[in-house]
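Shown next, in structure tokens, is the structure this report addresses.
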Amino acid sequence: MDVSVSPVDEPRTIHPGTPRVDRVFHGSVRAVALVVLVIFGAIGLFLGAKSISTFHLYGGRFLTESDWEPSLNRIGISSTLLGTMLVALTALIIAFPLALATALYISEYAPARLKPALVSLVDVMAAVPSIIYAAWGFFLLMPHMIGVSHWLHQYLGFIPLFRVDTDPNAAVLAQARYTGSMFIAGIVVSMMVLPIACAVMRGVFAQAPIGEREAAYALGGTRWGMIRTVVLPFGRGGIIGGTMLGLGRALGETVAVAIILSAAFDFKFRVLENGGSTISKLIAERFGDATTVQLAALLTAGFVLFVLTLIVNTIAAIFISRSRSGAATEA
Amino acid sequence: MSLPPRSDTPSIIDAGPIVLDAPDMEPAKGGAHLDAMNISAWFGSNKVLELVSLSMNPGTVTALIGPSGCGKSTFLRILNRMHEMVPSAKLAGEVRLNGEDIYGPEQRVTETRKRIGMVFQKPNPFPTMSIAENVIAGLKLTGRKERRAERAELVERSLLRAGVWNEVKDRLDEPGGALSGGQQQRLCIARALAVDPDVLLMDEPCSALDPTSTGRIEETISELMSEVTIVIVTHNMQQAARVSQRCAFFLAEAGTPGGIVESGSTEKIFGDPDDLRTKDYVHGRFG
Amino acid sequence: MSISPLTASPPATVGPSEPVLDPQPPRPLSTRTLDDVLSVVGSALGSFAGTWVVYVQLLPLSGVLGFAICWYVAFLIMYASVNALTHPRPIVVSKLMTVVMTSAALLVGLSLATVIVYTAGKGLKALIHLNFFTRDMAGVGPTTALDQGGIAHAIVGSLIMLGIAVAVSLPFGLATAVFMTEVGGWFGKVVRTVVEAMTAVPDLLAGLFVYVTLIVGLGWERTGLAAAIAISVTMIPIVARSAEVALRVVPGGLREAGLALGASHWQTVRRVVLPTARPGLATALILAMARGVGETAPLLIVSGASTFMNANPTTGPMNSLPLFIYSAIRSPEPLTIERGFAAAVVLLAIVFVLFAVTRLLAFFSVKKFLKRHPTQEMATPGGLWTS
């Protein structure tokens, strides 16, 4: 039997011949992933939907009004939003240099035997529940920070940021004016931000190519010279990304802020002063006695927070994946 | 089937329709006929193989030789339907196992792969399984149940065929990863043999191994030759000369898809090839 | 006959002259000199003394914190100057940076230590009473002495909620991870993006969502089950992401080997991929549990806070450790605050134990791996908080 086959040089359809068990397998995990997607989409959509009704009711005033007085029907999130940013920023300013230095220490300076233990320690620090940092901050840290706030007010009070509406030179210092401030809340939040940023940065530094490191040393560079020319540029994506991840965490922190920050709704930049508000604190404290309308307003505030953290974390992800180190880990 | 020598024709593919002899319909004892007919392959819009045809017969070791990057491994993976695992992979032509196209619409890919086994370049024993468990992993994975006595017998037989039984018979319960590279590769051969395939494809099986292990595996290949059809990809010409009876020389000129320049008996390819390019390659003038 | 060394001839049996070398000990290769050590110690002491004089006697500042800061700055200046006497500038800068990095790490470590020590110290008084672990707070007022009452209800509540949360988030998270790594495709990328985004969303919002849908919308009570669901919503993306990392680390060659033997994808995943990834998956789950047990924010919204033992998650409020701590430390009563800190110690202990388990798991897997093949390296899924 002669079989002549003239070559047909076009791609043919490939029948995968997938066994039935695989069709079931793929279908089921796809379905679960879909359910998970739906749940999380629902959260976003849900919060967003409620925002529409709130904006209908209150209009643009919702974003400009600083007070939250439901009984007077005067609610807005301007001070709350500002407070959220200020607390997060304070936390970042404190956490960023410390996280960077600690990450560099673990990756570049620590003795090799200690490294795994130190990495674990950073992970432990991230795992400590925020309620515990909050308790520590309230009882141990706050009394000591009164002195620092007072000092800053006394000597740097000409800067609007550090002003407090009390007399710094009074004979009997009104200590209560320095407690429960955004500054102190920021310090406590920085304890939670630091390990997250540090872990990301350290992971990135560890991937800096040995070849480049050796090249720097071979040229006669010092350790710091090598770090500055090889490790830091390589880790730039991780530094920024890790910081932004920390920022996202700081924006959403609830418990520490609820415990430490005293509630106040002035639209102010005075971080050393008693009183402030953040979105998560607002929601946590006010949802209980909120009418349907106020609940919708709280959900709107939550939606703003949701969008904010999404944006921040998306930027973080972009930075981490675009960097050389991120590209390598994708392989 | 070889193509006209280069001096006469400007391109590799100017072969015209291929005429094949009628293939044997029953598998000869010890292997099956594997015929690739006008295989072309793409990754996305990038064509990597053009009209490759080759007959691989039982009782023979067919070696696919040629410089790296000309599609030998791609061709091999088409033979056991691993090529299509890449999402952008496309294919034309037929691969017939004892006359039946393995890409036919009613064919089950898992069945095909049981009959056409593969050993990979980097030994990949399953790390969570012992040596014995690794050997019969193919059975466990495909849901075949064997009784305990038969299992032990199968383990021993496969490890014997793979030429590694004496070295591991006292430690069958140790993890599969605790062996040296050469032993791991022979364990993978045993694992592939335990499913009793008709064809064994080997993708540069020795390139990650030292010369001693390479020699042992080449011995194993010679012993297995009479039981399974063997197709081996190698970039080591001397190995091809040692181990194979038939050779196919693959080449991809810059920017063009790869294809077979010449195929024939090993003696001819290495002794007196028709094509100038084959002669240059086997004499080491390019690699 | 005495042989003088000068006239003695060499022994007849010496072969071709082979100098016998004294076996040499390896040379120390450390670059740290005595000078380095002295300059650090000396600067530290010198700056301390100098700061003492200037700070305490001259400037009108006070407080330990101020002193410490001034001392540190003085130390840096002195250290830099001392080194500048003998070393060129790049080396001085490098040494200064070494000191700065080390002290930053020390500061961070110290802060963590103070958190733990302070919490333990303040909670000690309540912890030594056995009733603290065996009794609940029913009938115990805020000013009752510490030998009565306890947090048994909170511990039980936390464990039950955690159990339910794991039972929900493990299958969902693992299946999602398997989908992302094994099936993938464009939809897999979409899922991965969403999961990554969800790990970042504040847990409060998850609690808010559950509150509005289940409690307000469906009229559920604020039961343990509702709280557990809120916790699962925060845990699912964490489990999914770390499980995905653990699965991705499994070498592709193993999957290929399984498929080449004629196995279906499912069988390859079930018998090759999942067992190989088991240590990483276990670690991922345990670390997610450590996060879940400490979740507070969603509980503030969704959970009731009972004072009595309630082991039924479907009816009635159920207290938990974080919630108990939250209300306890806000109280003005010192005894209640102490109870709160003691509960904090228990919570910390649970987190530490979970961490220790992951380290043990990693240790045993590494040992097994090394026994298998001494030169193979095991890739661990990296830090918990990273991708």
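The values are calculated or read from the model by the stated rules, or taken from the named source; none is laboratory data. Remember, predicted model here, so these are calculated numbers, not experimental data. All Cβ positions, even for glycine, are placed from backbone atoms using ideal geometry, and neighbour counts span all protein chains on display.
One table, with the values for the structure above:
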{"quantity": "Residue in the range C:117-140 that is exposed (fewer than 15 other Cβ atoms within 10 Å of the Cβ) and within 14 Å of chain A (Cβ to nearest Cβ) present", "calculated": "yes"}
{"quantity": "Hits in the range B:41-90 (condition: in a loop (DSSP other than H, G, I, E, B), β-branched (Val, Ile, Thr) and more than 13 Å from the chain's Cα centre (by Cα))", "calculated": "B:86"}
{"quantity": "Within the range A:143-168, tally of residues that are among the small types (Gly, Ala, Ser) and assigned to a helix (DSSP H, G or I)", "calculated": "2"}
{"quantity": "Failed item in (1) surrounded by fewer than 16 Cβ atoms within 10 Å (Cβ to Cβ); (2) without any contact (Cβ under 8 Å) to a residue 24 or more places away in the chain, with residue B:286 passing the rest", "calculated": "(2)"}
{"quantity": "Wholly enclosed helices (runs of 4 or more DSSP H) of the range B:176-277 bearing at least 3 residues away from every other protein chain (no Cβ under 14 Å)", "calculated": "B:211-224, B:237-243, B:266-271"}
{"quantity": "Whichever residue in the range C:312-328 is of a type outside the set (Ser, Thr, Tyr) and surrounded by 24 or more Cβ atoms within 10 Å (Cβ to Cβ) and, among such residues, is farthest from the other protein chains (Cβ to nearest Cβ)", "calculated": "C:318"}
{"quantity": "Flag for residue C:293 being touching a residue at least 40 places away in the same chain (Cβ under 8 Å) and closer than 30 Å to residue B:201 by Cα", "calculated": "no"}
{"quantity": "Condition met for residue A:197 (modelled with pLDDT of 90 or more and not in a helix (DSSP H, G or I))", "calculated": "no"}
{"quantity": "Test: residue in the range C:162-182 that is among the aromatic types (Phe, Trp, Tyr) and either more than 18 Å from residue C:291 (Cα to Cα) or not in a helix (DSSP H, G or I) (or both)", "calculated": "yes"}
{"quantity": "The range A:110-138, residues that are without any contact (Cβ under 8 Å) to a residue 12 or more places away in the chain, part of a helix (DSSP H, G or I) and farther than 21 Å from residue A:250 by Cα", "calculated": "A:115, A:116, A:117, A:120"}
{"quantity": "Criterion: in contact with a Phe, Trp or Tyr (Cβ under 7 Å, 6 or more places away or on another chain), within 21 Å of residue A:118 (Cα to Cα) and more than 12 Å from chain C (Cβ to nearest Cβ) - qualifying residue of A:199, A:208", "calculated": "A:208"}
{"quantity": "Count of residues meeting criterion [out of contact with any Lys or Arg (no Cβ under 7 Å at 6 or more places or on another chain) and either acidic (Asp, Glu) or not in a helix (DSSP H, G or I) (or both)] in the range A:50-67", "calculated": "3"}
{"quantity": "Only one of C:166, C:191, C:195 that is in contact with a helix residue (DSSP H, G or I) (Cβ under 9 Å, 6 or more places away or on another chain), away from chain A (no Cβ under 14 Å), under 30 Å from residue A:23 (Cα atoms) and of a type in the set (A, V, I, L, M)", "calculated": "C:166"}
{"quantity": "Residues satisfying the stated conditions in the range B:147-173, i.e. touching a helix residue (DSSP H, G or I) at 6+ places or on another chain (Cβ under 6 Å) and assigned to a loop (DSSP other than H, G, I, E, B)", "calculated": "B:162, B:163, B:164, B:172"}
{"quantity": "Residues satisfying the stated conditions in the range C:265-286, i.e. charged (D, E, K, R) and within 13 Å of chain A (Cβ to nearest Cβ)", "calculated": "C:270, C:271"}
{"quantity": "Tally, over the range C:88-105, of residues that are in contact with a helix residue (DSSP H, G or I) (Cβ under 9 Å, 6 or more places away or on another chain) and more than 7 Å from every other protein chain (Cβ to nearest Cβ)", "calculated": "5"}
{"quantity": "Neighbours by Cβ (under 6 Å, 6+ apart or cross-chain): first from the range A:165-191, without any contact (Cβ under 8 Å) to a residue 40 or more places away in the chain and under 25 Å from residue A:281 (Cα atoms); second not in a loop (DSSP other than H, G, I, E, B) and not aromatic (Phe, Trp, Tyr)", "calculated": "A:175/A:146"}
{"quantity": "Breaking point among (1) among the small types (Gly, Ala, Ser); (2) surrounded by 23 or more Cβ atoms within 10 Å (Cβ to Cβ); (3) within 17 Å of the chain's Cα centre (by Cα), for residue B:36", "calculated": "(2)"}
{"quantity": "Subset of the range B:54-77 (residues that are touching a Leu at 6+ places or on another chain (Cβ under 9 Å) and hydrophobic (A, V, I, L, M, F, W, C))", "calculated": "B:54, B:56, B:61, B:64, B:70, B:75, B:76"}
{"quantity": "Pick from the range C:284-311, criterion crowded, with 24+ Cβ neighbours inside 10 Å and β-branched (Val, Ile, Thr), ranking: nearest to residue C:349 (Cα to Cα)", "calculated": "C:296"}
{"quantity": "Residue within the range C:235-247 that is out of contact with any His (no Cβ under 7 Å at 6 or more places or on another chain), at pLDDT below 90, part of a helix (DSSP H, G or I) and buried (at least 24 other Cβ atoms within 10 Å of the Cβ) present", "calculated": "no"}
{"quantity": "Complete set of residues in the range C:213-237 that are in contact with a Leu (Cβ under 8 Å, 6 or more places away or on another chain) and within 11 Å of chain A (Cβ to nearest Cβ)", "calculated": "C:216, C:229"}
{"quantity": "Selection from the range A:244-267 of residues that are away from every other protein chain (no Cβ under 13 Å) and in contact with a Leu (Cβ under 8 Å, 6 or more places away or on another chain)", "calculated": "A:267"}
{"quantity": "Selected residue [among the aliphatic types (A, V, I, L, M), out of contact with any helix residue (DSSP H, G or I) (no Cβ under 7 Å at 6 or more places or on another chain) and either assigned by TED's automatic domain parsing to the domain that holds residue C:68 or surrounded by fewer than 23 Cβ atoms within 10 Å (Cβ to Cβ) (or both)] from C:146, C:159", "calculated": "C:159"}
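Yes/no matrix, rows are residues, columns are (1) surrounded by 24 or more Cβ atoms within 10 Å (Cβ to Cβ); (2) more than 16 Å from residue B:205 (Cβ to Cβ); (3) touching a helix residue (DSSP H, G or I) at 6+ places or on another chain (Cβ under 8 Å); (4) without any contact (Cβ under 8 Å) to a residue 12 or more places away in the chain:
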{"residue": "B:238", "(1), (2), (3), (4)": "no, no, no, yes"}
{"residue": "B:241", "(1), (2), (3), (4)": "no, yes, yes, no"}
{"residue": "B:245", "(1), (2), (3), (4)": "no, yes, yes, no"}
{"residue": "B:252", "(1), (2), (3), (4)": "no, yes, no, no"}
{"residue": "B:256", "(1), (2), (3), (4)": "no, yes, no, no"}
{"residue": "B:261", "(1), (2), (3), (4)": "yes, yes, yes, no"}
{"residue": "B:266", "(1), (2), (3), (4)": "no, yes, yes, no"}
{"residue": "B:272", "(1), (2), (3), (4)": "no, yes, no, yes"}
{"residue": "B:275", "(1), (2), (3), (4)": "no, yes, no, no"}
